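Inspection log for the structure reproduced underneath, given as structure tokens.
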Amino acid sequence: MSCGCNNVNSNYLNRALVTDNINTVNGTTKHFSNASICNICHPQSTSLPVSDIPSPIEEAGFCPPIGEPQMLTLMAPAVYDESGFNLCRTIKLADFVNACDGPMSRTTDLLFDGLTVKDLQNATHLQTQVVDIDFNFVCPKSSRYSDIKPAKNNPNLSRITLRDIDVTLAVKVIDNNCRVCKEGMMTLRYLPGEKCPGYDKKTNPANVVIDLYTPYGVAFAAENPGGCNKLVPIVNYVGFVGSDTCQNCSPDYGVMPIANGANSFKYLPSDAMYKTFEPNNALTQGISAQGLAKVISGDDEHLAIGLTLYFKVVYFVQYKFNHEGLCVPPKFTTVAGSIETKSCLQFVEGDLLEQSILPLSVCVEPKSYS
């Protein structure tokens, strides 16, 4: 419950309105009175010595004023350099392996989450979304791995060499009525070795090398946390994998759907290993990448998928900006129903609450105070 010190109509305000502190927001002139405290929060006494009078910071700490600022600082991700390129991978549908058939050492050219080769053959259209990319920097499984090194004679440039990257796509199978009839996942390898499936000198070469301006450095990941720790330079993929995990999964056994079985599963032994997707839907400092994919062509035997990769050098920088009013999202309309408490009904049907606490400024009476 509020003490009332933030109410602009309250007689507890012990400072007069300063007329030179005026701001125009969306064509409306608003007066912002100086920050103050009330006698309830901090009783005033004219007999107190000067040394006992709170400082402006202490005053604001007792009753944070409610209002809108004229100038704010913003910590924002700034792009210092960016570039991109296109790749295209052609794969034989017969070369796909269903990851749900059982544990395997294979990590690419996989179908999972219910998607099958037959679905791809029967599709009228395929819509793809790049969910995750393993750029092969950390714990490589062969001598072919990606790396980041300083460019020759220029410490502010980073030379990124990409090899054997695994791209995981969310796939929507669309029929001739434009209905999504199936959804699933696939993982494809781009930039493979010269003797590996999908290699093409012009459209999907063995490696790609790019230079980016990285004056504040690059991000690192721990390659061997359990042993002699090593930090490896990496590219962060800004994707679509969230941080939610299974809360009721057994630590010793996993479960796998049984083919053609409705809500049927079988338990897997504790040594059954599948790829673990780590959360990637956050922007971080260093070199970040984003991806877009498109089905270029396809038939009953082959599928060609184009991949666009954007690379951005991002650092968080603090800026000043003029404040032109709070942005309040539009409110959903309520569904008719019985609400017993009239005050609750008024709240539900009323305006959205606003984040309007700001030290040293007092604006109109906020909706968050009764």
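The table below lists the values:
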{"quantity": "Summed side-chain charge close to Lys92 - residues other than Lys92 whose Cβ falls under 10 Å, Lys, Arg +1, Asp, Glu -1", "calculated": "-3"}
{"quantity": "Distance in nm between pseudo-label sites at Asn176 and Ser143 (7 Å out along the Cβ direction from Cα)", "calculated": "5.3 nm"}
{"quantity": "For region 158-168, Karplus couplings with θ = phi - 60° (6.51, -1.76, 1.60), whole Hz, Gly/Pro x", "calculated": "10, 9, 9, 10, 10, 9, 6, 9, 9, 10, 9"}
{"quantity": "Pairs from Lys92/Lys195; Lys149/Lys195; Lys118/Lys172; Lys141/Lys230 whose Cα-Cα separation, in the structure shown, is over 19 Å", "calculated": "Lys149/Lys195"}
{"quantity": "Highest to lowest packing among 76-82, 306-312, scored as the average C-beta count within 10 Å", "calculated": "306-312, 76-82"}
{"quantity": "By average C-beta atoms within 10 angstrom, highest first, the peptides 121-131, 148-158", "calculated": "121-131, 148-158"}
{"quantity": "Amide H partners (placed H, <5 Å) of Leu157, local residues excluded", "calculated": "Ala151, Thr214"}
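Only the coordinates and a few stated rules stand behind these numbers; no lab work does. Computed from a predicted structure; not experimentally measured. Neighbour counts run over all protein chains shown; Cβ positions are idealised from the backbone, glycine included.
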